[in-house]
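Trainee: Pasting a structure below so you can have a look.
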Ligand SMILES: [Zn+2]
């Protein structure tokens, strides 16, 4: 089916309290695998792309590829730009017909972030594109963006002011999760999710989903953090799959067989998360 607006996908998930996986794809194979997982589990899904991948492939090629692949499947799917501090790339994606963008102005002061996010929302909404907002840096470096030190956590009233005044469609607060691989057990601030959602019913976003337990996901989703980002695990699954396939078959030279095997592994990984998030069976 044609791509479904992010606002529609997140509204249903937020109302019914299930999570929608947002998987950072890196090429056509992984986009295809994530969509195949959504078909397999009858899930709505978010195909998410890092700025680094957009710079490599181009906003328009990704949009065209997504439109064609999404058209072939009967599940709601949206195309989302992950952490992007670059206003020009935001504009390129908006004009190329993406569903949603994360304007990452977490390095700016509160006032500058608020002002610039308002401008991005105005531009995006004119094109029917949703905006995810971010106020505090998420801990950890992902595809060259971010820092090992998470930013300071903003007071609740400031966070709510940011959500209300910018008009963002989803919000990614710092809740103790981190990008990359967790070294210990993360300390999750569940209470902050509830405080924000109870004061302002906006779908929240879980960054750093890789490595969280099923129980943590369930609790965060129940409280309203319904967009669940998975990036690191896709990279691990993909690389491990290539390595295992080639190591087991040192004399085989059939690229399509290799790529299909990797697709199968990435699909299984994504389908597993969709079942954990509770999105399985929600595609109507
Ligand atoms: Zn992130």
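Trainee: Sorted by average packing, counted as other Cβ atoms within 10 angstrom per residue and highest first, what order do 208-215, 7-14 take?
Mentor: Order by mean packing, descending: 7-14, 208-215.
Trainee: I'd like the antiparallel share, as a percent to the nearest 5, of DSSP beta bridges with both residues in the chain.
Mentor: Antiparallel bridges: around 5 percent, rounded to the nearest 5.
Trainee: OK, next. From the Cα trace of region 152-284, what convex hull volume per residue do you get, rounded to a whole Å³?
Mentor: In region 152-284, the Cα convex hull volume per residue is 149 Å³.
Trainee: Over the Cα atoms of the chain, how large are the radius of gyration and the largest Cα-Cα distance (Dmax), in Å?
Mentor: Using the Cα atoms of the chain, the pair Rg, Dmax is 17.9, 62 Å.
Trainee: Counting other beta carbons within 10 Å of each residue's own, what order do 187, 139, 257 fall into, fewest first?
Mentor: 187, 257, 139
Trainee: Most exposed first by the Cβ proxy, i.e. fewest other Cβ within 10 Å, how do 274, 269, 1 rank?
Mentor: Ascending number of Cβ neighbours within 10 Å: 1, 269, 274.
Trainee: Which distance in Å, rounded to a whole number, links the C-alpha centroids of region 164-195 and region 77-109?
Mentor: The two parts, judged by their Cα centres, are 19 Å apart.
Trainee: May I ask you to give the average projected area over all directions of the convex hull of the Cα atoms of region 67-207, in nm² rounded to one decimal?
Mentor: Value for region 67-207: 9.4 nm².
Trainee: Sequence gap at least 6, Cα distance under 8 Å: using those rules, report the relative contact order of the chain to the nearest whole percent.
Mentor: Contact order relative to length: 24 percent.
Trainee: Considering all projection directions equally, how large on average is the shadow of the alpha-carbon convex hull of region 174-241, in square nanometres?
Mentor: Details: hull surface 18.3 nm².
With every direction weighted equally, the projected area is 4.6 nm².
Trainee: So, R0 is 41 Å and r is the distance between the beta-carbons of residue 248 and residue 200; what FRET efficiency does that work out to, to 0.05?
Mentor: Computed FRET efficiency for residue 248 and residue 200: 0.20.
Each value in this text was obtained by applying a stated rule to the coordinates, not by laboratory testing. Note that the structure is predicted; figures quoted are calculated from it, not measured. FYI the Cβ positions are ideal-geometry reconstructions off the backbone, even for glycines, and counts take in every protein chain you see.
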